[in-house]
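Visitor: Here it is, the structure, as structure tokens.
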Amino acid sequence: MLYIIRHGLTDWNSKYKLQGQTDIPLNDEGRAMARKAHEECRNVRFDICFCSPLIRARETADILLEGRDVPIYYDDRLKEMYFGDYEGIENSFSIPDCPINVFFKDPANYTDPPGGAESLDDLFARTGEFLDEKVYPLLNEGKDVLIVGHGAMNSSIVCRIKERERADFWKEGIPNCKLMRLI
């Protein structure tokens, strides 16, 4: 089986600030979400966990897997999408014509990332490489794999696994600390 989960809440999530690869820790509510997920997932088998190296994902993985003998491996390819100059911007949707909003409203047309942001092609390339190199071989061995990550990065994995078009990038919705079984 392949499972994914998004990190718990951060102060930036609460303020609608675009985090991207900025390394923001969980807040108390995010830690409580991870503890709740720990309880909800206690009977779900995980043989191995791959995790983004960003602190919010690391904290989530540590809490989620506390007391379990599940190894956690960190991989840069699981970092959140990089939003360039727009990282840290608060409530971009309140800014008329903010170019980063195309990614959230119309991902199929997010073709020319503004301010040094990462493209969808780049995001799909790194997550696809990760799946091919790390995840699929383990699934073929019958292992149960958990990925602890981020909203956009997890969405790219969902799209790759379910062979979704970019227009459906956000179709699943990726709530904080809710386990999703993909395969």
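Visitor: Mind telling me which of the residues 183, 157, 147 ends up being closer than 18 Å to residue 59 by Cα and either surrounded by 15 or more Cβ atoms within 10 Å (Cβ to Cβ) or touching a strand residue (DSSP E or B) at 6+ places or on another chain (Cβ under 8 Å) (or both)?
Guide: 147
Visitor: Among (1) modelled with pLDDT of 95 or more; (2) closer than 22 Å to residue 5 by Cβ; (3) surrounded by 16 or more Cβ atoms within 10 Å (Cβ to Cβ), which single condition is residue 168 missing?
Guide: (3)
Visitor: Filter segment 29-58 down to residues that are without any contact (Cβ under 8 Å) to a residue 60 or more places away in the chain and of a type in the set (S, T, N, Q), then give me how many there are.
Guide: Total satisfying the criteria: 1.
Visitor: A further question follows. In segment 60-82, which residues are out of contact with any Asp or Glu (no Cβ under 7 Å at 6 or more places or on another chain), closer than 29 Å to residue 120 by Cβ and surrounded by fewer than 20 Cβ atoms within 10 Å (Cβ to Cβ)?
Guide: Answer for segment 60-82, where residues must be out of contact with any Asp or Glu (no Cβ under 7 Å at 6 or more places or on another chain), closer than 29 Å to residue 120 by Cβ and surrounded by fewer than 20 Cβ atoms within 10 Å (Cβ to Cβ): 72, 73, 74, 75, 76.
Visitor: Could you pull out the residue among 116, 128 that is surrounded by fewer than 12 Cβ atoms within 10 Å (Cβ to Cβ) and closer than 24 Å to residue 84 by Cα?
Guide: Residue meeting the stated conditions: 116.
Visitor: Ok, one more. Only one residue in 2, 9, 26 is crowded, with 18+ Cβ neighbours inside 10 Å, without any contact (Cβ under 8 Å) to a residue 40 or more places away in the chain and closer than 24 Å to residue 145 by Cα, so which one is that?
Guide: Result of the check over 2, 9, 26: 26.
Visitor: Another question, then. From (1) touching a residue at least 60 places away in the same chain (Cβ under 8 Å); (2) farther than 22 Å from residue 30 by Cα; (3) part of a loop (DSSP other than H, G, I, E, B), pick out the condition that doesn't hold for residue 69.
Guide: (1)
Visitor: Where in segment 86-183 are there helices (runs of 4 or more DSSP H), lying wholly inside it, with at least 1 residues that are of a type in the set (A, V, I, L, M, F, W, C), within 21 Å of residue 73 (Cβ to Cβ) and touching a residue at least 24 places away in the same chain (Cβ under 8 Å)?
Guide: Hits in segment 86-183: 120-130, 136-140, 151-162.
Visitor: Touching a Phe, Trp or Tyr at 6+ places or on another chain (Cβ under 8 Å) and either of a type in the set (D, E, K, R) or part of a loop (DSSP other than H, G, I, E, B) (or both), is that true of residue 35?
Guide: no
Visitor: Let me ask something else about it. Consider residue 53 against the criteria (1) surrounded by 18 or more Cβ atoms within 10 Å (Cβ to Cβ); (2) in a loop (DSSP other than H, G, I, E, B); (3) of a type outside the set (D, E, K, R): it satisfies all of them except one. Which criterion is unmet?
Guide: For residue 53, the failing item is (1).
Visitor: Being touching a Leu at 6+ places or on another chain (Cβ under 6 Å) and within 19 Å of residue 110 (Cα to Cα) is true for just one of 95, 89. Which residue is that?
Guide: Checking each option against the conditions leaves just 89.
The values are calculated or read from the model by the stated rules, or taken from the named source; none is laboratory data. Keep in mind that what you see is a predicted model, and the values were worked out from it rather than measured. FYI the Cβ positions are ideal-geometry reconstructions off the backbone, even for glycines, and counts take in every protein chain you see.
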